[in-house]
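Q: Before I ask anything, let me first share the structure, which is written out below as structure tokens.
The numbers here are math on the coordinates, done by the rules we state, and not lab data. Note that the coordinates shown come from a computational prediction; the quantities given were computed from them, not determined experimentally. Every residue, glycine as well, gets a Cβ built from its backbone with ideal geometry; the counts of neighbours run over all protein chains shown.
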Amino acid sequence: MDRVLDSATQRRRQLRAWLLGLGALAALLAAGPGLRRLIQPSLRRVDILTAPVETGDVDATLTAAGTVIPGREVVLTSPIQSTVRRVALAVGAHVQPGQTIVELDKDLAASTLAKLDDEQLRNQNKNAQLGLALARSLTDLQAQQQAQDLKVSSLQSALRDEQHLLEIGGGTAEAVRQAELNLHTASLEAQRLRRQLRNQRQASQADRRELGFTVSMQQRSIAEQAAKLRQADISSQLPGVLTWVNDNLGATVQAGDALARVADLSRYRVRATIADTYADQLHPGDAVRVRLGPGTDLPGTVASISPAVDKGVVTFYATLANDHHPALRANLRADVFVITRAHRGVLRVKNGPFYQGGREQPVFVLAGGRAVRRVVRFGDSNTDYVQVLSGLAKGEELIISATKTYADTPALAISQ
């Protein structure tokens, strides 16, 4: 049978319930910081990279892929159609000016030169024959003209005689008219002969000039062939190092085919390529920084830009202020940074995975054993540094590791 509890017992039970509730509340309040530490995300100090905010220079750059090439390189080509007879030097050998590198077979070129000489002798003989023929023709015409002039003189005398006879009554008017006709006919013939002689002289001069041109052209061909024959022993006028040679003995080469390359390896420059989307930002004279490796940056200048776009890239060449640096090697790969803007004495922080490329983004700043989220405005950047416009002060330390996962977290605990 249930019994009704007295009032004292009920009060004791209520008091015990209240005391248990208050104890639980006090325990929760005492455990609050620990729970927050358990709930709050944390990072180990050894797992993150940090960098201080400092004052320095930041250059806005375009990144291009570069290759170190010799400052000067000569491509030696075959002057004639021939075959490779002998290779005098191997790749890597030092070449002096005039030193033979490759010898070509000269038999065909020598035969061609002999034929040109024979043709020149024939032209000279034709020139002599033409001179004799023209002289004989001119002599005949001159003789005809002189004979005609004498005939005209004779007919003039005959006309004067007939006119005198007509005056004294010993001749007739018909005889005078006949004498005048004969004189007129002879004068016309004399004029024709003079014109013919003049035309013949001009034609003779033109024929002699034409043959002279032929002789001159042939002489130039002979000189060119003789020069090619002398150049059949391939040599370089540039001192340097032999970087390539056609060492395929007996191979047929055409005139103009490359046979060897000689480079001056005491000086270097850089050939670089960049996406054509940046072509309008590239100008001759722009400053560049060529990175050969960690800690090896060489300053330079954009020397020339190719006007053509090949497969979406633009090629340009850069000269180096120190073009004989010991680290330079032919065909060495390098990063080329074209400086488009330069900022001096600005706040900056080292570039890293934290930087997403935007103007404004959240970052985490170390403070009191925690990493506090803060929104920062950034400016220009390069592979080394990012310009800080606002949100950070000099001396503050920033987490430069990737923190995108915690972008919405107000703070991170940093554990040792």
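Q: Evaluate E = 1/(1 + (r/R0)^6) for A90 and L121, where r is the Cβ-Cβ distance and R0 equals 45 Å; express this FRET efficiency to the nearest 0.05. Mind dumping the intermediate values first?
A: Working: r = 44 Å, r/R0 = 0.98.
Result of the calculation: an efficiency of 0.55.
Q: Under a plain spin-label model, where a point goes 7 Å from the Cα along Cα-to-Cβ, how far apart in nm are L181 and A342?
A: 10.6
Q: I would also like to ask the following. Which residue, L138, H164, Q148, has the largest displacement toward the positive end of the dipole of segment 115-164 when charges sit on each Cβ (Lys, Arg +1; Asp, Glu -1)?
A: In segment 115-164, that residue is L138.
Q: Find how much the distance from K394 to D247 grows on full extension, using 0.36 nm per residue of separation minus their present alpha carbon separation; answer in nm with one decimal. Mind dumping the intermediate values first?
A: On the way: separation 147, 0.36 × 147 = 52.92 nm, distance 6.36 nm.
Net length gain for the segment: 46.6 nm.
Q: Taking θ = phi - 60°, what integer Hz values does the Karplus form 6.51 cos²θ - 1.76 cosθ + 1.60 yield along segment 295-312, in sequence order, with x for Gly and Pro?
A: These are the phi-based 3J(HN,Hα) values: x, 10, 10, 10, x, x, 9, 5, 8, 7, 10, 5, x, 9, 9, 10, 6, x Hz.
Q: Would you calculate the separation in nanometres between label points at L150 and D257, each defined as 7 Å from the Cα along the Cα-to-beta-carbon direction?
A: About 7.3 nm, to one decimal.
Q: Give a residue-ordered list of calculated ³J(HN,Hα) values for segment 348-353 (Karplus: 6.51 cos²θ - 1.76 cosθ + 1.60, θ = phi - 60°; whole Hz; x for Gly, Pro).
A: With coefficients 6.51, -1.76 and 1.60, one gets 8, 9, 4, 6, x, x Hz.
Q: Ordered by residue, what ³J(HN,Hα) values in Hz, to whole numbers, does segment 224-229 give under the Karplus form 6.51 cos²θ - 1.76 cosθ + 1.60, where θ = phi - 60° and Gly and Pro are x?
A: 5, 5, 5, 5, 4, 5
Q: Also: Apply 1/(1 + (r/R0)^6) to the Cβ-Cβ distance of Q356 and A327, taking R0 = 45 Å, and write down the FRET efficiency to the nearest 0.05.
A: Numbers: r = 33 Å, r/R0 = 0.74.
The pair Q356/A327 has a calculated efficiency of 0.85.
Q: Can you compute the FRET efficiency between R194 and L132 using 1/(1 + (r/R0)^6), with r the Cβ-Cβ distance and R0 = 25 Å? Round to the nearest 0.05.
A: Numbers: r = 23 Å, r/R0 = 0.94.
The pair R194/L132 has a calculated efficiency of 0.60.
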